[in-house]
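The values are calculated or read from the model by the stated rules, or taken from the named source; none is laboratory data. Model, not experiment: these values are computed from the prediction. Positions of Cβ are backbone-derived with ideal geometry, glycine not excepted, and every protein chain shown enters the neighbour counts. Ligands, DNA and RNA are excluded from the accessible area calculation, which covers all protein heavy atoms including side chains. Shrake-Rupley method; radii C 1.70, N 1.55, O 1.52, S 1.80 Å.
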Amino acid sequence: MRKIVSLLLSFGMIFTLAACGQSAASEKQAEIEMETEASESVSTEEQEADVSTKTLVVYFSCTGTTELVAEYITEILGADSYQIVPENPYTEADLAYYTNGRADQEQDDPDARPAISGGVANMDAYDTIILGFPIWHGQAPRIISTFLESYDFSGKTIVPFCTSHSSGVGSSADNLQSLCAESVEWRDGKRFESGVSKESVQKWIEEIGIE
Ligand SMILES: Cc1cc2nc3c(=O)[nH]c(=O)nc-3n(C[C@H](O)[C@H](O)[C@H](O)COP(=O)(O)O)c2cc1C
């Protein structure tokens, strides 16, 4: 009889220990699952925080004036930049205005679309385009129309700026806007004179709030 009782007691102890072991194991498993869930949500938040706005400074320049302003903007913002390079470069004779030269003829023809050499491979990566050009007969050079018609800027912001001898932005930016999808947000255009200081450009960047 004593043997039977001690046998029953031993079975009881083994059962209790096994049950304890099992609940400890499932507690540990639950702990691991919670930790995994927590670390997944942190990494998702981190990913979301990492999706920052990206700006591309695009410019066309034949005699360096617009290029210098574009370089200032690129440096100030630490942005990427892209120069619109014509497939057929403009010679001095092409640029001599009021001579009925190449630039004059292109500006006379709203449908002229001078070809661009190369392009931006990853336009999707940018949400803001700062677009610089010289004023040619009151308008943007037709190669800017070629550029705008080469990509889908839907949902992006375009900030136009120009340089000129004396003319303002005038209707140039409005005419460019009409070439783009309605969902493109066009900011007011800004004209810079030749020799503008980097500080003045920085002031404009701060005013428009582009980062
Ligand atoms: C074909 C042509 C037309 C121009 N038309 C004008 C104009 O209408 N108004 C103006 O103020 N400057 C005009 N300019 C001067 C340029 O806008 C100015 O020199 C500009 O800053 C040049 O920029 P870039 O050095 O980046 O090429 C014209 C220049 C060229 C070549």
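For segment 118-134, what are the residues that are buried (at least 21 other Cβ atoms within 10 Å of the Cβ) and more than 17 Å from the chain's Cα centre (by Cα)?
PHE133, PRO134
Scan segment 186-197 residue by residue and report those that are open to solvent by less than 80 Å² (accessible area, probe 1.4 Å) and within 16 Å of the ligand (Cβ to nearest atom).
GLY189, LYS190, ARG191, PHE192, GLY195, VAL196, SER197
Which of the residues spanning segment 168-185 are of a type in the set (S, T, N, Q), within 16 Å of the ligand (Cβ to nearest atom) and surrounded by 15 or more Cβ atoms within 10 Å (Cβ to Cβ)? Please lay out each step first, then the result.
As a first pass, look at segment 168-185 and keep what is of a type in the set (S, T, N, Q): 171-172, 175, 177-178, 183.
Add one more test, that the residue is within 16 Å of the ligand (Cβ to nearest atom), and what stays is 171-172, 175.
SER172, ASN175, listed by residue number.
If you check ASP127 against the conditions, is it in the same structural domain as TYR82 (by TED's automatic domain parsing), within 13 Å of the ligand (Cβ to nearest atom) and on the phi < 0 side of the Ramachandran plot? Talk me through it step by step, then tell me what you get.
Numbers: in the same structural domain as TYR82 (by TED's automatic domain parsing): yes; within 13 Å of the ligand (Cβ to nearest atom): no; on the phi < 0 side of the Ramachandran plot: yes.
Answer is no for this residue.
Exactly one of (1) modelled with pLDDT under 95; (2) surrounded by fewer than 12 Cβ atoms within 10 Å (Cβ to Cβ) is unmet by ILE210. Its number?
(2)
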